Amino acid sequence: MVSDNGTELTSSAILRWSQERRVKWHYIVPGKPMQNGFVESFNGRLRDECLNETLFTSLPHARFVLDAWRHDYNHVRPHSKLGGRTPAEKAGEPVWGHAPRQVAITSSNHHEGTGLYL
């Protein structure tokens, strides 16, 4: 896990959670948000477009609002970095040189050393 040094990710509860689950936690250098640029950009959008605009009244309300925002972000709104497509459209594209996601299945026996079988 990579994060900044913000108070929300340096608390005793987060550190205990990561230790109990043996999750390696790495902090970026203070003042260097581009070391984790994708997440910093996403978190900024989530904060500006949803969290700062909503007064949550309950945990179910927060879950509902965040799920609606996530759906809009991934399935409705086009992203300029994706050529005007949504992340869902981009994820559904075939990747050159690889089997389609619906065909590639993780193998438990690592057939022929590939880890995938068709």
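The values are calculated or read from the model by the stated rules, or taken from the named source; none is laboratory data. Everything quoted here is computed from the prediction, not taken from an experiment. We work out accessible area using only protein heavy atoms, side chains counted, and drop any ligands, DNA or RNA first. Shrake-Rupley method; radii C 1.70, N 1.55, O 1.52, S 1.80 Å.
Observations on the structure shown:
- In Å², nearest 10: area of residue 57 left accessible to a 1.4 Å probe: 110
- Rounded accessible area of residue 79 (nearest 10 Å², 1.4 Å probe): 30
- Per-residue 3J(HN,Hα) values for segment 12-20, derived from phi via the Karplus relation 6.51 cos²θ - 1.76 cosθ + 1.60 with θ = phi - 60°, read 4, 5, 5, 5, 5, 4, 5, 5, 4 Hz in sequence order (x marks Gly and Pro).
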